[in-house]
Amino acid sequence: MGQLSVDNRRTILGSIILVLLILLPIWWKTTEVYRAALPLSRIESSEKNLDTIFTINILLSTLPGTCIDGCSDDFVSNLQSSLNQLYKSAQNDFLKSKANELVDTSPNVLVQFKLRSKINDSDHIRLMQTLNEDVEKVEVLEEAMFASRHQHESAYNVVISCSQQIERKKSTVYLGSNRILLISLYDSCQQDRIVSKATRIIAGLFAEEQLDYFRLKQQKTNLEASVDLENMRTIKHSNEYQLSFNLFNADPRELLISWDTRVLDAYINPFLERLNLFNFTVSSQVQQFASLGIQPVLKTDKSGALFNSISLSMLPQFINSAEWNFASAVSSAPPLNFVLYIPTKHWPLKILKSSGEPLETNSFLIHRWGGVSILNLNITDSSYVLPEEDLHPVMEKFIGQLRNLLDIKPVLLQNASKLNVNIHYSQASQGLTLWELDRLTRMRTIRCLIDASGTLNSLSALVTKMENMVILDTINEKVTNSLDFMSMSKISLEQNQLRDAYLNASKAIDFAESAFFDPTMVAMLYFPDEHKFAVYLPLFFPLSVPVILAIFQEIKYMRQKQSV
């Protein structure tokens, strides 16, 4: 009977051990965290290979008789080589000057020019002739010729003429709104001198943009440098924005104000149509009894007239958030608010500069929020509808504020004084030139690529550090899509397909952020290993103690039996 008891004990013990050997691996496998294999090597290489090349295509036309020694067949290639060499030298000089500050992962943005010859273009000849006769008529002629023709073309049209007339000392440069550049030189018209002068003029138009890329390179290395005024002012990246135009009247009992929204559309829509990188949702409202949250200070101007004043230190409290309603449609698109304030209660109301003088524009910008413009009306009627002549300067201010919020910078010839040229800039009727649109597109594309790479690398570091974080296949798909769109964007930039490059870069950052902030990953951020021990230890420890003791007793019993 004792022998039978020992056999039963061994059978039960063996069964327990067998169950543990089978169930333990099954439990381990079924409870392990699923982790899809992310392309970590591609993510790492994306940061190391952030160097981006974008191409600037130029169609070059020279008027007959431009070169007194005859423009040779290699005139175009000489100008192209001169431009590329100049930009390469500038890039190398920057790298040498910042060698101790930059790291290997700092992105390089390389510019390459590609020039093609365009012969006997009648429109170019007519424009140049008009420039030499009357500069004021060139802008009207350009809009009539090229407004519809060059909207979707990516090449810049550069027209060069040279004359040895001595009655005009300075050469003339005209920068059109539709990717047109006219260079009328009054100089010694040898080919080498024309190439040298044209190189400095063309390069001068892209000099400020190149400086922006250099700043991006420093910001990637030095986090303190990235916290600058421009980044604080510019609204965050998005493919869609909500624009809200608000007319706020202080006291309708003094004057009931309204406006015609068709006038707003007439000014805003042409600008938004040309700025085709983003989708805009536009709304407007009129709010009465919009009292200020601050108390203006009564002052006297030089003529002795009284006026209400607001100092610069009071501007942060100008928006009365408690009473002013800026309700917008439910959307994830960032809102931008523009306020036209009519101070019927504190008339006239002026913003004072730090010197104490009134601010000419009587308006101010609120970083990443919108802008405010104050309009003082001297109206004796009880009601008034703002006419176009009142709204025109206000809408110009709003468009200027929107340009600042979107980081749209003017394209200017930086070295005009050193080049001894007269520069004339076309004033685009839409409020935006195609030169400015191209510059914005390139800069936004580069920023999106840098942000997408940084987000993916942060994700890579996170999942590498937290081994128990769930990584679903959808995360892997998003990361792969982001990397693919980054590659496609770089290819489009090199081929001068700016819109495609931006759209691909925008998708890259969207996929990268979607992967990083995926709810399935965020849920595991605060579930460390200690939690697992707290859950499983009370369950398995009481069961394992008797089993372990039984195993030791059985081993002890077998040793005692063998020693007998």
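The table that follows gives values for the structure above.
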read-out	value
Relative packing of 547-556, 343-352, which averages over residues the other C-beta atoms within 10 Å, highest first	343-352, 547-556
Per residue value of the accessible surface for the chain (all protein chains in place, 1.4 Å probe), Å²	52 Å²
Phi-based couplings in Hz for the range 344-352 (Karplus 6.51, -1.76, 1.60; Gly and Pro marked x)	5, 8, 10, 9, x, 10, 10, 8, 9
Protein accessible area in the range 160-213, 1.4 Å probe - carbon and sulfur %	48 percent
The chain - mean residue ellipticity at 222 nm from DSSP helices (-39,500 (n - 2.57) per run, n ≥ 4, rounded to 500)	-16000 deg cm²/dmol
Charge sum, other residues only, whose C-beta stays under 11 Å from L413's C-beta, Lys/Arg counted +1 and Asp/Glu -1	+1
DSSP-defined antiparallel bridges as percent of all bridges, the range 243-371, nearest 5	30 percent
Built amide H within the under 5 Å cut-off of H424, gap 5+	V173, Y174, L175
Fraction of accessible area attributable to carbon and sulfur, the range 440-564 (%, probe 1.4 Å)	65 percent
Peptides 249-257, 427-435 ordered by average Cβ neighbours within 10 Å, highest first	427-435, 249-257
Rounded percent of accessible protein surface that carbon and sulfur make up, the range 248-328, 1.4 Å probe	50 percent
Highest-first arrangement of 183-195, 412-424, 534-546, where packing means the average Cβ count within 10 Å	183-195, 412-424, 534-546
Built amide H within the under 5 Å cut-off of L352, gap 5+	I310, S311, L312, L359
Inter-part distance where the range 245-271 and the range 35-52 are each reduced to a Cα centre, Å	50 Å
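The values are calculated or read from the model by the stated rules, or taken from the named source; none is laboratory data. In this text, all values refer to a predicted model and were calculated from it rather than measured experimentally. Note that we place each Cβ from the backbone using ideal geometry, even for glycine, and neighbour counts take in every protein chain shown. Just the protein is used for accessible areas: all its heavy atoms, side chains included, with ligands, DNA and RNA removed. Shrake-Rupley method; radii C 1.70, N 1.55, O 1.52, S 1.80 Å.
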